[in-house]
Each structure stands twice: as C-alpha cells, then as structure tokens.
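Below: one structure, written as structure tokens.
What follows draws every value from the coordinates through simple rules; no lab data is involved. Keep in mind the model is a prediction, meaning the values are calculated, not measured. Quick reminder, even Gly has a Cβ in these numbers, built from the backbone with ideal geometry, and neighbours come from all protein chains shown.
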Amino acid sequence: MKPVGPIPPGFDCVEGELAIAGRRVSEWVAEAGRTPLFVYSKALLDARMAELRAALPARVGVNFAVKANPHPAVIAHMAPLVDGFDIASAGELAMCEAARIDPRRISFAGPGKRDEELEAAIAAGVTLNCESEGEGARALAIGQRLGIAPRIAVRVNPSFVMTGSGMKMGGGAKQFGVDAVRVPALAKHLIAQGAEWRGLHIFTGSQTLSANSIIEAQANVLSLAAELAEAIGAPLPKLNMGGGLGIPYFPGDMPVDLPKVGAALTERVADLPPVLAQTELCMELGRYLVGEAGVYLTRVIDRKESHGVTFLVTDGGLHHQLAASGNFGTVVRRNYPSAIATRYGEEASEEVNIVGCLCTPLDRLADNAMMPRAEVGDLVAVFCAGAYGATASPSAFLGHGPAAEILV
Ligand SMILES: *Cc1c(COP(=O)(O)O)cnc(C)c1O
C-alpha cells in the first residue's frame, strides 16, 4: 500500500460524491459534456488570495505567474485580484491582452525572447525582465526603431538559491538572469541608453513548503537588491522578489506557514534600507495561487486484474497530468492526492492502480492506493490540478486530445 497525498481544504461530500463549489462532480461533468475535465473553483481562488492579502504587508503586491494556469477564464478571474501578471512568451502576452489586462501590469521574463516577442512587448508597454546583455542590446535597438523607450528590469541570477531545506549558498551557472556581479554594469548601460528603468527581478526557487527557507530567501533577496541598487547608483522603481511558495502534493507534506512568512516580511519591509525606501515590492506566485483550486476528473473505462493486482483504467492520464503521473521533474514516483470522486463518502476497501489510457507504463495516476471499490463509469479525482496540468502536459501524445476545462 502506498498512501496518497493530502486532499486540499475546501471540498465537500454531497450525496456521497465529491462536490466542488457546492455541486457534485457528476453535475460538472454533465455541464462540461465530457471527461477528462479540469474544474477550477473561483471560490478557492478567491480564498487563497484573501489569505495572502491578510498575511502579507500591504506594501508587497502579488503577481500571478501565468504559466501555472493560462486558461482564459482563470486569467480573467485573477485580473482584479492580483497586482500584476508575469508572462514568459508572446503567446502569454496575447492571452493577457485578450483578457484586457493593462500591459503596464505585465512583466515578461524568460530566456530566449525572440525579436518579434520583444517588439510586441515593447510596443505594448510591458516590462521586460532582461535575461542577458545580448537581450538588453536587442531590446534597446527595437525600442529605438519603434521610437519607444523600452521598460526594462534586469533579472538577477543570484549567488544563492532557495531550497526546501534552507539556503544553498555558492551560486551557479544558469540560463536565467544575469550573474549578480554583472548586473550593475548592465543596468547603468540600459539607463544611459534611454530605457525606462524598472528595477530588478530576483527569483530564487519554486515549490518550497518551509517558511524558514522562504523567509531566509526573502531576506537575502532584499539585501542583494539594496546592494545592487547602491552599485547601480539609481533607486529601484520596482523589485520583483520572486515567490516560491509551494503546495502540499505528497503524504507528509505540510502547507506553508503563511502567517509566519507574512509576519517576517512585514518586519523586514518596515525596516528597509534608504535605497529601497521608495521601491514598489511584489512577489510572483503560480502554483500557490491556483494549484489547489483545480481538480482533474477522469472516468473509469475498464476494471481489470493482472497477477492479482487491480487496475482501474481511466480515460485520462499523463497527457493531461504529467506531474501527477510522476514524470515532470520527480525522481521517486509518489501519489498525488486522489479519490474515487463518485464514492467520496465510502471507506477505502481495496488496493488499486489507477492508470491512464496511454500505451506506456509511465501512465499512472495513483499506484497501490487504497480506495473504495470503483466500477466502470465511476469518476476519479486528482487534486492539486490547478497548476501545471493542462498546459504542462503532452496533450498531443497518442491523439486523445486535450481535456475540457471549466471555471466554476
Ligand atoms: C515558473 C515561474 C514562477 C512560478 O512558479 P510557481 O512554482 O508556480 O510559483 C514564478 N516566477 C518565475 C520567474 C517562473 O519562471
């Protein structure tokens, strides 16, 4: 037997079924017309944002990292809730524009921005988080040609990273950002060449559950930002401090102690060095905002035995849920939180392997999991599906096509 991860808060059982936003999953499937289906809950998105606003100092804004969930309805729902949007491609820019998000609230990070992407961003008035000297030169040239001063921040490759178990000092070679020692020279050059200086972007890590690691990283980011601002000799209009807050996916994972993180940050921002006194601060979060608000629903198509092991074969799989299958950056496969959604009120009574419909043994959604007995037609729920699901999985693989998605 292998345990499944912790089911996030905010879900109910109605008439024996998993309910999202007060309605049974079978009703949502009927409304969407098919499985597999991602259901994203507005109420859970709102609740998470409210928790964040309550914990963080008012001085620190919250940006949504669009790549975590670029579904148009999700972007539109987040628009009035967050302060800014972080994008990583011209495609994500187009999605934000379609949601009528003010480009001045958007910043564009990511290596390998093509000239067309830089041009679209500069023309729209989006802030570029500059990833290299070469990219800075191309942005300046494009700005000159368009007659627009590009809004540019510099993304810093810090000499520290955030880890789950504390801070690893020592730096390293990365394709992201500009090595901290070279940032002042680049920033001065961009300012001298007429860019609209927007400050720094320092992203130190992702999926961290330890409040202490986050607090330490934030302290390091603020010190580094102050140091760099002094060296640049110009105030930072803005500092994107990164994010990195994780969500519990696996057995034993505990949620981030958000009040603790917020209290430490409140203390820190009350006591900033003069060079950061006027700086606008923000965090950028992806999975923490949307991950737990989504559930992936897939239907049991077949129930079979092999060598004494029971397989529930579903119409979903790793083509929509690469991370839950254990093939997206994990070494040891562990079970995401999952359940037989149409038997949510029943006791677990058998050990099963829940698999997808792809012709590869990698396509597993839960293995050796204790579940209530499920039959053909039952619905399986995989939780924590609101981030890095639909668009971070190879939906063209094997031709089953993408899953449906609804925001409810
Ligand atoms: C992916 C990414 C994020 C979002 O990460 P999460 O783990 O989803 O919070 C934030 N900032 C940058 C620069 C990223 O690349």
Taking a crude spin-label model, label points 7 Å out from Cα along the C-beta direction, the A396 to I191 distance in nm is 4.5
Springs between alpha-carbon atoms under 10 Å, Gaussian network over the chain: tell me which of L228, L272, L289 tops the mean-square fluctuations. L272
Gain in span if fully extended, A141 to R182, counting 0.36 nm per residue against the direct Cα distance: 12.7 nm
Mind giving me the FRET efficiency for E116 and A173? R0 is 25 Å, r the Cβ-Cβ distance, nearest 0.05 is fine. 0.35
In degrees, nearest ten, helix 133-146 long axis to first principal axis of the chain (Cα): 80
Name the residue from L228, H320, A366 whose Cα lies farthest towards the positive end of the charge dipole of the chain, charges +1 on Cβ of Lys and Arg and -1 on Cβ of Asp and Glu. L228
Explain nothing, just the number: dipole magnitude of the stretch 70-285 about its Cα centre with +1 on each Lys and Arg Cβ and -1 on each Asp and Glu Cβ, in debye rounded to the nearest 20. 240
Would you work out which of S210, L190, P337 lies farthest towards the positive end of the dipole of the chain? Charges go on Cβ: Lys and Arg +1, Asp and Glu -1. L190
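So which trypsin sites (Lys or Arg not before Pro) in the stretch 288-356 pass both tests, a DSSP loop state and at most 15 other Cβ atoms within 10 Å of the Cβ?
On the way: sites: R299, R303, K304, R333, R334, R343; in loops: R333, R334.
Taking the stretch 288-356 and a limit of 15 other Cβ atoms within 10 Å, the loop trypsin sites (Lys or Arg not before Pro) found are R333.
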Out of residues 5 or more away from G286 or on other chains, whose amide H comes under 5 Å of its own, with H placed 1.01 Å from N in the peptide plane? A65, G244
Which of I152, I301, I214 ends up with the largest GNM mean-square fluctuation for the chain, with Cα atoms connected below 10 Å? I301
Modelled label-to-label distance, M254 and A47, 7 Å Cα→beta-carbon offset: nm? 2.1
Report the Stokes-Einstein translational diffusion coefficient (µm² s⁻¹, integer) for the stretch 1-43, Rh taken as the Kirkwood radius over Cα pairs, at 25 °C with viscosity 0.890 mPa s. 210
Neighbour cut-off at most 13 other Cβ (10 Å), DSSP loop, trypsin sites (Lys or Arg not before Pro), the stretch 73-120: R100, R114
Using each residue's phi in the stretch 233-243, evaluate 6.51 cos²θ - 1.76 cosθ + 1.60 at θ = phi - 60° and report the 3J(HN,Hα) Karplus result to the nearest Hz, with x for Gly and Pro. x, 9, x, 8, x, 8, 10, 8, 7, x, x
Pick from H307, H189, H319: which residue has the top mean-square fluctuation in a GNM of the chain where Cα pairs under 10 Å get a spring? H307
Label-to-label distance, nm, for residues given as T330 and A94 (7 Å Cα→Cβ offset): 3.3
What are the lysines whose alpha-carbon lies under 20 Å from the alpha-carbon of K42, with same-chain residues fewer than 8 places away excluded? K67
Cleavage-rule hits (GluC sites (Glu not before Pro)) in the stretch 301-408: DSSP loop, at most 12 neighbouring Cβ within 10 angstrom: E347, E375
Listed by chain and number, the aspartates and glutamates with an alpha carbon less than 17 angstrom from that of K113, same-chain partners under 8 positions apart left out, are D86, E92, E131, E133, E135
Below 18 Å, Cα to Cα, which lysines can K238 reach? Residues fewer than 8 away in the same chain don't count. K188
